[in-house]
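Single-structure report; data block below.
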Amino acid sequence: MAVTTEHRPAGAAVSAQAAAAAPESIDGFQLVIDALALNGLDTLYSLPGIPITDLTRRAQASGLRVLAFRHEQNAGYAASIAGFLTGRPGVCITVSAPGFLNGLNALAHATVNCFPMILISGSSEREVVDLQQGDYEEMDQLAIARPVAKAAYRVLHAEDIGVGIARAIRAAVSGRPGGVYLDLPAKLFAQTIDAAAGRASLIQVVDPAPRQMPAPEAVQRALDLLKSAKKPLIILGKGAAYAQVDSEIRALVETSGIPYLPMSMAKGLLPDTHELCAAAARSFVLPAADVVMLVGARLNWLLSHGKGKTWGAGASKAWGAQKFIQIDISPQEADSNVRIDAPLVGDVGSCVTALLAGMGSGWAKPPAQWLSAVHGKKSANIAKMAETLAKNPSPMNFHSALAVVRDIVKANPDAMLVNEGANALDFTRSIVDMHKPRKRIDVGTWGIMGIGMGYCIAAAVTTKQQVIAIEGDSAFGFSGMEVETICRYDLPVCIVVLNNNGVYKGTDLDPTGRDPAPTQFVKGARYDKIIEAFGGVGAHVTTPAELRAAMEAALASRKPTLINAVIDETAGTESGRITSLNPSAKKK
Ligand code: ADP
Ligand code: TPW
């Protein structure tokens with residue numbers, strides 16, 4: 001290993017000539033930073049501490065953007081959604097054991113949601129960990145990360161850092177994206193090697209997410225099935241949004257003339273106001289459709305596993321009466337819940353392009369009877385919702401508050417919308433139309449609470465757009481301390497806490513009268529005061545007019561803002577739309 005200038009005895013007189021002749025060296029810290037920068041990973045979501053404090057400092061000094069959070073889970077969620085929004089792995093850097101574990105939730109979340117992310121954690125030395133000798137924050141992190149990560153690697157030698165980062169990038173973004181864990185023991189950072197050799201060891205990854213073309217016979221099979229359909233339906237999922245092939249998807253819908261249903265984070269891929277959008281007729285089209293084409297969407301719980309009452313089984317038709325086409329980059333996804341009649345394995349862009357080529361210009365649109373049935377249902381439901389939204393009850397409820405949000409989002413279609421809660425989530429998803437792709441980011445596949453402020457920060461930083469967060473009061477609490485981070489970086493984030501004094505609603509009681517019920521919070525809490533503590537703007541509103549004024553002011557100023565929107569504490573239902581998943585409801 002080369003002798004480094006840093007290792008010379010202090011005060012040694014070194015002639016300029018000797019210094020010039022001494023081999024220049026580079027250490028592990030710098031190699032990690034250079035490897036990330038070389039691959040365009042220029043933003044790190046982090047929380048410092050031994051052994052990564054200097055990594056974050058030196059990354060910042062080297063020109064990378066380092067965003068320091070108050071809890072690693074939020075840094076991790078930020079990295080995961082940065083991966084979704086940019087198509088490059090979001091990078092989260094944590095300390096060992098407890099910091100790593102705090103970040104692990106987000107790593108699992110990234111894997112489950114198919115978001116590319118790299119969790120880099122500092123760790124204790126292998127010799128001590130493997131003998132379980134009780135090091136500072138000792139833990140076998142690699143073993144713990146492996147089951148929840150798409151891939152997990154450890155780098156022990158500085159000359160392997162380039163390979164380690166390259167492998168992490170490829171694993172995160174190729175095929176089905178996911179979370180990758182990279183374990184970097186403390187000793188690695190201080191290792192030094194010859195600088196020229198070190199630089200030569202870094203890898204700029206070529207074509208990390210290669211296109212995957214579907215087989216021609218699979219394309220033909222899908223087209224034949226689609227052609228035979230009398231009542232076809234397209235379902236767009238967040239895989240379609242992630243693929244960033246928005247004009248191809250629009251062309252597929254418009255050329256085929258098939259009504260489509262956007263999953264939550266696919267809303268806005270085509271504007272929700274598009275004439276073929278069937279979102280407002282969901283409970284009609286799912287059971288009625290005869291051929292369903294899934295585009296980057298899984299038949300998991302969010303789609304009732306493709307069977308049961310949601311799909312009409314038991315009433316008008318037998319189980320499995322629908323035929324499915326599924327476009328997915330993962331060859332293992334098909335048949336995971338029901339039979340997939342025409343799997344189309346490849347990236348969404350290549351598959352959709354191939355389908356469009358096969359359709360040509362003479363593709364026959366679906367039967368008019370189907371289109372008008374969908375249109376009729378949708379119009380009736382939209383009219384019913386408009387009636388509800390036009391009401392101005394006192395106290396304000398979810399609907400009257402979200403009618404305001406709907407208008408503000410319509411007037412600001414480039415704004416990012418972050419959304420979590422139960423009722424706050426369900427009502428926002430159905431009431432607030434999205435007008436552009438990848439503008440809505442939410443609780444995702446697990447329906448987790450806690451993504452809120454991390455998502456806000458990453459959305460503001462990666463898109464530079466205004467961010468609007470619609471938060472249940474419980475949901476907000478999971479990441480609320482990051483309001484300080486939002487203020488520290490002066491990000492254009494407007495948080496609206498729909499405050500109904502509790503989880504789901506605010507009216508439960510402890511039958512013994514001793515304590516607050518498990519779903520209850522302090523009544524009349526002033527969440528707006530939290531942001532004021534850090535120099536942001538707080539607002540306390542009780543009417544739609546006040547909410548509108550506060551949101552408009554926030555968007556005009558682009559100042560960090562938290563609006564405490566008091567809503568009727570009796571509004572909302574247990575678990576929002578998924579009440580039926582509660583074990584006690586299942587028992588009935
Ligand atoms: P949603 O929750 O919106 O229904 P899911 O997360 O369940 O979406 O499904 C996303 C699917 O998209 C995953 O099965 C994943 O493999 C797939 N996917 C992700 N990226 C691509 C891509 N570029 N091309 C094709 N499929 C993709
Ligand atoms: C990590 C369970 C689902 S929704 C929710 C919880 C606690 C909060 C609902 O109340 P909120 O919204 O936010 O006030 P609203 O509009 O209905 O009043 N822990 C995690 N994830 C989940 N999903 C839960 C708990 C849950």
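The values are calculated or read from the model by the stated rules, or taken from the named source; none is laboratory data. Because the structure is a prediction, the values reported are computed rather than measured. Note that each Cβ is placed from the backbone with ideal geometry, even for glycine, and that neighbours are counted across all protein chains shown. Calculation scope for accessible area: heavy atoms of the full protein, side chains included, ligands and nucleic acids excluded. Shrake-Rupley method; radii C 1.70, N 1.55, O 1.52, S 1.80 Å.
Values computed for the structure shown
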quantity	calculated
Flag for ALA215 being open to solvent by 20 Å² or more (accessible area, probe 1.4 Å) and either charged (D, E, K, R) or farther than 23 Å from SER361 by Cβ (or both)	yes
Top-ranked residue of the stretch 57-94 - restricted to ones that are surrounded by fewer than 24 Cβ atoms within 10 Å (Cβ to Cβ), more than 20 Å from ASN39 (Cβ to Cβ) and in contact (Cβ under 8 Å) with a residue 24 or more places away in the chain, ranked as nearest to the chain's Cα centre (by Cα)	HIS71
Residue identified as buried (at least 16 other Cβ atoms within 10 Å of the Cβ), touching a strand residue (DSSP E or B) at 6+ places or on another chain (Cβ under 6 Å) and closer than 22 Å to TYR242 by Cβ among ALA168, ALA158, ALA145, ALA195	ALA168
Residue within the stretch 124-139 that is under 24 Å from ALA108 (Cα atoms), surrounded by 18 or more Cβ atoms within 10 Å (Cβ to Cβ) and within 28 Å of the chain's Cα centre (by Cα) present	no
Subset of the stretch 422-442 that is of a type outside the set (Phe, Trp, Tyr), within 10 Å of ligand 2 (Cβ to nearest atom) and open to solvent by 10 Å² or more (accessible area, probe 1.4 Å) - its residue that is nearest to ILE495 (Cα to Cα)	LEU425
Residue match in the stretch 564-574 (condition: away from ligand 2 (no atom under 16 Å from the Cβ) and either over 15 Å from VAL405 (Cα atoms) or of a type in the set (Val, Ile, Thr) (or both))	no
So THR111, is it surrounded by 24 or more Cβ atoms within 10 Å (Cβ to Cβ) and more than 15 Å from ligand 2 (Cβ to nearest atom)	yes
Candidates ASP442, ASP426, ASP407 - the one that is modelled with pLDDT of 95 or more, within 19 Å of the chain's Cα centre (by Cα) and over 24 Å from ALA82 (Cβ atoms)	ASP426
Residue count, the stretch 440-468 (criterion: within 11 Å of ligand 1 (Cβ to nearest atom) and either in contact with a Lys or Arg (Cβ under 8 Å, 6 or more places away or on another chain) or of a type outside the set (Phe, Trp, Tyr) (or both))	6
Positions within the stretch 79-97 being in a helix (DSSP H, G or I), away from ligand 2 (no atom under 16 Å from the Cβ) and farther than 19 Å from PRO147 by Cβ, in sequence order	ALA79, ALA82, GLY83, PHE84, LEU85, THR86
Output for the stretch 127-157, where each listed residue is out of contact with any Pro (no Cβ under 8 Å at 6 or more places or on another chain), under 28 Å from ILE193 (Cα atoms), of a type in the set (D, E, K, R) and not in a loop (DSSP other than H, G, I, E, B)	GLU127, ASP130
Matching residues in the stretch 344-365 - criterion: being crowded, with 21+ Cβ neighbours inside 10 Å and under 15 Å from LEU226 (Cα atoms)	LEU344, CYS351, VAL352, ALA354, LEU355
When residues of the stretch 472-518 are limited to those that are free of Cβ contacts under 8 Å to residues at least 60 places away in the same chain and aliphatic (A, V, I, L, M), the one farthest from GLU532 (Cα to Cα)	LEU509
Enumeration of residues in the stretch 469-481 that are within 11 Å of ligand 2 (Cβ to nearest atom) and part of a strand (DSSP E or B)	ILE470, GLU471, GLY472
Index of the failed condition, GLY198 passing every other in (1) of a type in the set (Gly, Ala, Ser); (2) closer than 24 Å to GLY99 by Cα; (3) over 22 Å from the mean Cα position of the chain (by Cα)	(2)
Members of the stretch 366-378 found to be in contact with a helix residue (DSSP H, G or I) (Cβ under 9 Å, 6 or more places away or on another chain) and either aromatic (Phe, Trp, Tyr) or open to solvent by 50 Å² or more (accessible area, probe 1.4 Å) (or both), listed by number	TRP370, HIS375, LYS377
Failed condition for GLY447, given (1) open to solvent by less than 10 Å² (accessible area, probe 1.4 Å); (2) closer than 21 Å to GLY572 by Cα; (3) not in a helix (DSSP H, G or I)	(1)
Residue that is within 24 Å of ALA75 (Cα to Cα) and surrounded by fewer than 19 Cβ atoms within 10 Å (Cβ to Cβ), where the choices are ASP515, ASP490, ASP528, ASP510	ASP490
Residue among VAL503, VAL537 that alone is within 16 Å of ligand 2 (Cβ to nearest atom), assigned by TED's automatic domain parsing to the domain that holds VAL404 and open to solvent by 10 Å² or more (accessible area, probe 1.4 Å)	VAL503
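The rows are residues; the columns are (1) under 23 Å from ALA357 (Cβ atoms); (2) touching a residue at least 24 places away in the same chain (Cβ under 8 Å); (3) open to solvent by 30 Å² or more (accessible area, probe 1.4 Å).
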| site | (1), (2), (3) |
| --- | --- |
| SER201 | no, yes, no |
| GLN204 | no, yes, yes |
| PRO208 | no, yes, yes |
| ASP246 | yes, yes, yes |
| THR255 | yes, yes, yes |
| ILE258 | yes, yes, no |
| ALA278 | no, yes, no |
| ARG282 | no, no, yes |
